[in-house]
Amino acid sequence: MAIKKTAKPGFVGVGFSQTVSFEEARAKKLHGIIQQLKDRRGEIVGVQEDSGMWAISDHHGEGEFTFYILMETESLPETLPEGMISYQAPALTYAHTRHPQHERPEVTYQKVYQWIKDQGLRLNCDAFTQLEFYPMDQDLNELAFEIYIPIQ
């Protein structure tokens, strides 16, 4: 598994958000909101690329986090489809890797956090805790996805 330091420009997205406990996330409670975005992505104006979705997690201490699932858009829309939100992610530098399909995500994350420490880098959680990119056409139970951890 290759991990590298990479810069990513900021972007705007439209989709949904939900606050859940880590236990609820492990129980796949977020699959419903991800599927909802897949089903309703045609309602979003100005989608940049329809090949996948950005997932942003913003942790609130030990117990819960807010999860945003977004389609990247050209700009902030003037109006949003019913029930959707917009989100503007800043340009950041990340530790980036690809999570393999048949490994537990916790294992991949542990490797990335160890790499960050080994490189003498620090986490940058000012905007959010982590960013993931999910391919649109994958089974939610068998995901391989890109992981981006903000660093300084």
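The values are calculated or read from the model by the stated rules, or taken from the named source; none is laboratory data. Bear in mind that the values here come from a model prediction, so they are computed numbers and not experimental data. No Cβ is skipped: glycine too gets one built from the backbone with ideal geometry, and neighbour counts run over all protein chains shown.
Selection within the range 27-48: residues that are farther than 15 Å from M84 by Cα and in contact with a strand residue (DSSP E or B) (Cβ under 6 Å, 6 or more places away or on another chain). The member of this set that is surrounded by the most Cβ atoms within 10 Å (Cβ to Cβ) is L30. Residues of the range 108-133 that are out of contact with any strand residue (DSSP E or B) (no Cβ under 9 Å at 6 or more places or on another chain) and under 17 Å from M1 (Cβ atoms): Q110, Q114, K117, D118.
For the range 67-152, the strands (runs of 3 or more DSSP E) that sit wholly inside it and include 2 or more residues that are under 21 Å from T19 (Cβ atoms) and either of a type in the set (K, R) or modelled with pLDDT of 90 or more (or both) are 85-89, 130-135, 145-151. Scanning the range 13-29 for residues that are in contact (Cβ under 8 Å) with a residue 40 or more places away in the chain and either in contact with an Asp or Glu (Cβ under 7 Å, 6 or more places away or on another chain) or within 24 Å of R98 (Cβ to Cβ) (or both) yields G13, G15, T19, V20, S21, F22, A25, K28.
Kindly check whether there is at least one residue in the range 60-76 that is buried (at least 18 other Cβ atoms within 10 Å of the Cβ), more than 23 Å from C125 (Cα to Cα) and either under 15 Å from the mean Cα position of the chain (by Cα) or of a type in the set (S, T, Y) (or both). Among the residues of the range 60-76, at least one is buried (at least 18 other Cβ atoms within 10 Å of the Cβ), more than 23 Å from C125 (Cα to Cα) and either under 15 Å from the mean Cα position of the chain (by Cα) or of a type in the set (S, T, Y) (or both), which makes the answer yes. Just to be sure before I move on: is Q18 over 18 Å from F67 (Cβ atoms) and surrounded by 12 or more Cβ atoms within 10 Å (Cβ to Cβ) in the structure I sent? Here the answer is no, as Q18 does not meet what is asked. For the range 82-122, a tally of residues being of a type in the set (G, A, S), touching a helix residue (DSSP H, G or I) at 6+ places or on another chain (Cβ under 8 Å) and either more than 12 Å from Y148 (Cβ to Cβ) or loosely packed, with under 12 Cβ neighbours inside 10 Å (or both) returns 0.
Inspection of the range 41-52 identifies no residue that is within 14 Å of F128 (Cβ to Cβ), part of a strand (DSSP E or B), touching a residue at least 12 places away in the same chain (Cβ under 8 Å) and not charged (D, E, K, R).
Residues that are hydrophobic (A, V, I, L, M, F, W, C) and either within 22 Å of E74 (Cα to Cα) or out of contact with any strand residue (DSSP E or B) (no Cβ under 9 Å at 6 or more places or on another chain) (or both) within the range 7-26 comprise A7, F11, V12, V14, F16, listed in sequence order. Selection of the range 77-107 for residues being of a type in the set (F, W, Y) and more than 25 Å from I3 (Cβ to Cβ) yields only Y87.
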